[in-house]
Amino acid sequence: MTATLPLAPRAAAHLGRWHALVVSQIAAFMALLDVSIVNVALPSIQRDLNAAPATAQWVVSGYALSFGLALIPAGRLGDSLGRRRLFLIGLAAFVLTSALSGMAPTTGLLIAARLLQGVAGGILIPQNSGLVQELFQGAERARAFGILGATVGLATATGPVAGGLILTAFTGPHAWRWVFYVNVPIGLIALLLARRFVPAVDTAGPRRVHLDVVGALLLGGGVLGVLLPVVSAESGGVGQLGWLFVVAMLLLTAFAWWEARTARRGREPLLPPGLFRVPGFTPGSVIGGVYFIGFTGVWLVLALFFQHGLGYTPLRSGLAVTPFALGMAAAAAIAGRLVPRLGRWLTVIGLATTVMGLVTTALLLAHATGTATAWTVAAPLLAAGFGGGMVTSPNLTLTLQHVPVAMAGAAGGALQTAQRIGAAAGSAVLVTIFYNQLSQADAVYPTAISHTLLYAAGFMVLALSLAIVDLARQGQRSGHQAPYRSATSGDVTVMIDGKLVERPDEPSTPSAVQ
């Protein structure tokens, strides 16, 4: 029997836990921002390095690819070796690879540096959700997850604005390099603060770590098979590499079998099968993945519309979508406090609001003319962002709140992997739809963006349907005793013969918080 002791109640006594959360969110914001901030710098990179469009696209796609591959293995390593240790390693590597990206003299070296930077970001992100599980409990944990969810959404939504500001502040052919250099001073400050405020929680002492190498290879191959065609979509990757989807399904099936076999033998799997029996984890991960298909791709096609269709500068294009970021920030601050009372209803309301905001934006942009278009759609974008803030933060809390602390890193990595796959697929699908609309006879930019946003709203409707189904299932279970009590209750979660069970809290010795 392997017991997972209740780290959260003991670690929460650490007075600097809110400082630790702030520091971890600075690092997470940097890593997630780099998924989208480079989009506005791609034209400058192409001109300065004389790169073909399809090659330059790998500066963005390569980061997303390696980022997604690293998430689950890094989360599991954090569970085993300590989240503070993995957090510091990932942050230091991110600072170094950011500097290497900025100094890259050729496109090939820039892509290589971005691949390494993606791995560093993938190491960082799952430690954040694990630290929240360790350091907080009860209502404080809901608020902390709300902050984490806001970080995820804001980093994605504000990437174009940040990129535009940097390219405006630093002029010349090498201005794009500052998109990467800006991470260096911020990252170094975060590294110093992390060494001071992020605690190491140790209740079990030294332990032998089993690295599930076969599981990591099978999962990595499966995720690669899904991501590689979609991140290559703009250069015909889906058609040329579509066969990889079949390979990916076979590898992921083999991964599920291997993980179950590893657990039966009493060893530590990369992704514990019991995790998918934790209430809320599977539906929350699926809802998050589908939501990110529509969410991430929207901002890329809006940037294309404002810059190419209306002639906006990168900065002005970024500012045009700022209402969405403001709405998300406002909603995330409120929604985190409402999760204990409203639960999945928050996700349903948020998705419905986002759908209405996107549909209204699509209808208004269908007749867009002139440079004042951004003001025309400011209100519906604000509403869509407010709805998005009610989705990202609460769904993160609802997905992870029952996860045992010993699995928090792996669970956070799995949730982020679903979101990264959704983000990559959404960007590829919506950009393809946008350009296909433009290729039609009598095509104009307003018509193309309007149709594309309606498709994005369709993905949101699918996520809304899944949330409603999950809400209905919760209602059906309400008359029965829940198989798990909330991880915020302070209960001890144990694993017996590969099955998760719980028993009342037991007295324990104080944890060692360094």
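The values are calculated or read from the model by the stated rules, or taken from the named source; none is laboratory data. Computed from a predicted structure; not experimentally measured. Note: ideal-geometry Cβ built from the backbone for every residue, glycine included; neighbour counts use all protein chains shown.
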Fill in the blank from the handout: Picked from segment 371-382 (must be outside any helix (DSSP H, G or I) and without any contact (Cβ under 8 Å) to a residue 60 or more places away in the chain), the residue surrounded by the most Cβ atoms within 10 Å (Cβ to Cβ) is Val377
Exercise for the section: Name the single residue, out of those in segment 432-442 being of a type in the set (A, V, I, L, M, F, W, C) and at pLDDT 80 or above, that is surrounded by the most Cβ atoms within 10 Å (Cβ to Cβ). Expected result: Phe434
Fill in the blank from the handout: When restricted to Gly62, Gly122, the only residue in a helix (DSSP H, G or I) and within 27 Å of Pro269 (Cα to Cα) is Gly122
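Looking at segment 145-163 only, could you name the residues that are among the small types (Gly, Ala, Ser) and either in contact with a strand residue (DSSP E or B) (Cβ under 9 Å, 6 or more places away or on another chain) or modelled with pLDDT under 80 (or both)?
Gly146, Gly149, Ala150, Gly153, Ala155, Ala157, Gly159
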Fill in the blank from the handout: Every listed condition ((1) of a type in the set (S, T, N, Q); (2) surrounded by fewer than 24 Cβ atoms within 10 Å (Cβ to Cβ); (3) under 30 Å from Leu275 (Cβ atoms)) holds for Ser61 save (2)
Handout entry: Scope segment 171-188; condition within 15 Å of Leu96 (Cβ to Cβ), out of contact with any Phe, Trp or Tyr (no Cβ under 8 Å at 6 or more places or on another chain) and surrounded by 13 or more Cβ atoms within 10 Å (Cβ to Cβ); matching residues
Key = Phe180, Tyr181, Val182, Val184, Ile186, Leu188
Fill in the blank from the handout: Of the residues in segment 180-216, those that are in contact with an Asp or Glu (Cβ under 9 Å, 6 or more places away or on another chain) and either modelled with pLDDT of 90 or more or part of a loop (DSSP other than H, G, I, E, B) (or both) come to Phe180, Asn183, Pro199, Val209, His210, Leu211, Asp212
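Please work out if Thr168 is surrounded by fewer than 20 Cβ atoms within 10 Å (Cβ to Cβ), touching a helix residue (DSSP H, G or I) at 6+ places or on another chain (Cβ under 9 Å) and over 24 Å from Ile72 (Cβ atoms).
So Thr168 passes the test.
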Completion exercise
Just one listed residue, out of Ala424, Ala410, is farther than 24 Å from Val348 by Cβ, modelled with pLDDT under 80 and in contact with a Gly (Cβ under 6 Å, 6 or more places away or on another chain), and it is Ala410
Completion exercise
Residue count, segment 345-364, condition touching a residue at least 60 places away in the same chain (Cβ under 8 Å) and surrounded by 24 or more Cβ atoms within 10 Å (Cβ to Cβ), comes to 5
Fill in the blank from the handout: Of the conditions (1) within 20 Å of Ile125 (Cβ to Cβ); (2) outside any helix (DSSP H, G or I), the single one that Met30 does not satisfy is (2)
Handout entry: Criterion: out of contact with any strand residue (DSSP E or B) (no Cβ under 9 Å at 6 or more places or on another chain) and either within 12 Å of Val290 (Cα to Cα) or among the hydrophobic types (A, V, I, L, M, F, W, C) (or both) - qualifying residue of Gly413, Gly422, Gly387
Key = Gly422
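For residues that are surrounded by fewer than 24 Cβ atoms within 10 Å (Cβ to Cβ) and in a helix (DSSP H, G or I), tally how many sit in segment 98-119.
Of the residues in segment 98-119, 13 are surrounded by fewer than 24 Cβ atoms within 10 Å (Cβ to Cβ) and in a helix (DSSP H, G or I).
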